[in-house]
Amino acid sequence: RIYGGGVQGDEPEVVQKIRTGRLDAGSVTATGLSLIHRPALVLQLPGTFYRREQLDAARRALGPEIEAGMLEHGFRMLGWADIGRPHIFSRRPIRVPADFAQAHVWVRADDLVLPAFYEIVPAQPVVLSVPEVLGALTSRRIDTFLAPPAVALALQWSAHVTHMNDMPLGFLIGGSVISEHTFASLTDEQRTVLLETSQQFHGLSRRGAERAERESIEALRGRGI
């Protein structure tokens with residue numbers, strides 16, 4: 001049985017449910033992965049990777065070590081996903097760091113990276129969960145956020161801003177994890193099918209994310225952003 005649309009809660013809740021056996025598996029961003037094994041965050045630190053080839057090379061080199069760390073915490077990685085490259089969306093042009101000073105910027109409640117970023121680049125961070133962002137944009141409680149273009153379009157956030165920076169700040173990554181307890185309960189044949197299918201799906205997903213990003217940027221330009 002698959003639960004879509006975030007009905008099982010935000011990522012900390014999903015990870016906790018997998019940890020306690022209420023869910024078997026889940027797909028999460030690096031935020032969720034970091035709740036299992038914090039070094040997963042290294043792959044999406046702002047300004048670290050500018051080309052997909054760089055990210056892929058780092059993931060090939062560091063992936064086995066990160067996955068081994070997750071296994072120690074009772075989670076098995078089924079596959080890595082690319083969510084997209086986050087851009088700065090805002091109601092005003094943001095050309096230099098000082099332009100952040102008047103910005104009310106969304107920060108995820110469970111984010112470990114952006115709060116530190118906004119201490120260096122002064123802004124007015126507003127802590128919200130993902131489902132709260134659209135309402136906060138509508139009420140103008142926030143006027144700036146970081147997100148991949150495809151996410152900004154899909155969640156209707158882009159309808160409430162006027163500008164998008166053309167330089168992405170890196171990559172947002174994620175992946176699918178399964179409880180090692182659940183994985184161990186499967187037969188050898190089931191494990192083989194699950195792992196092979198997962199690798200194929202996540203490979204297709206990463207390529208699909210790249211195409212979705214190009215199409216989303218064109219759509220945003222078409223809407224006058």
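Data for the structure
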{"quantity": "Residue that is surrounded by the most Cβ atoms within 10 Å (Cβ to Cβ) [pool: residues in segment 96-112 that are within 27 Å of Arg211 (Cα to Cα) and at pLDDT 90 or above]", "calculated": "Trp106"}
{"quantity": "Of residues in segment 162-199 being of a type in the set (Gly, Ala, Ser) and free of Cβ contacts under 8 Å to residues at least 40 places away in the same chain, the one nearest to Leu45 (Cα to Cα)", "calculated": "Ala184"}
{"quantity": "Residues that are of a type outside the set (A, V, I, L, M), part of a strand (DSSP E or B) and in contact with a helix residue (DSSP H, G or I) (Cβ under 6 Å, 6 or more places away or on another chain), drawn from segment 95-119", "calculated": "Trp106"}
{"quantity": "Test for Ile142: is it out of contact with any Cys (no Cβ under 6 Å at 6 or more places or on another chain), buried (at least 18 other Cβ atoms within 10 Å of the Cβ) and either part of a loop (DSSP other than H, G, I, E, B) or without any contact (Cβ under 8 Å) to a residue 12 or more places away in the chain (or both)", "calculated": "yes"}
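Conditions tested, residue by residue: (1) more than 18 Å from the chain's Cα centre (by Cα); (2) open to solvent by 40 Å² or more (accessible area, probe 1.4 Å); (3) hydrophobic (A, V, I, L, M, F, W, C).
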| residue | (1), (2), (3) |
| --- | --- |
| Ile173 | no, no, yes |
| Ser176 | no, no, no |
| Ser179 | yes, no, no |
| Ala184 | yes, yes, yes |
| Gln190 | yes, yes, no |
| Gln200 | yes, yes, no |
| Arg206 | no, yes, no |
| Ser216 | no, no, no |
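The values are calculated or read from the model by the stated rules, or taken from the named source; none is laboratory data. Predicted model, so just to flag it, every value in this text is computed and none were measured. Cβ: placed from backbone, ideal geometry, glycine included. Neighbour counts: every protein chain shown. Note: accessible area is taken over every heavy atom of the protein model, side chains too, but ligands, DNA and RNA are not part of it. Shrake-Rupley method; radii C 1.70, N 1.55, O 1.52, S 1.80 Å.
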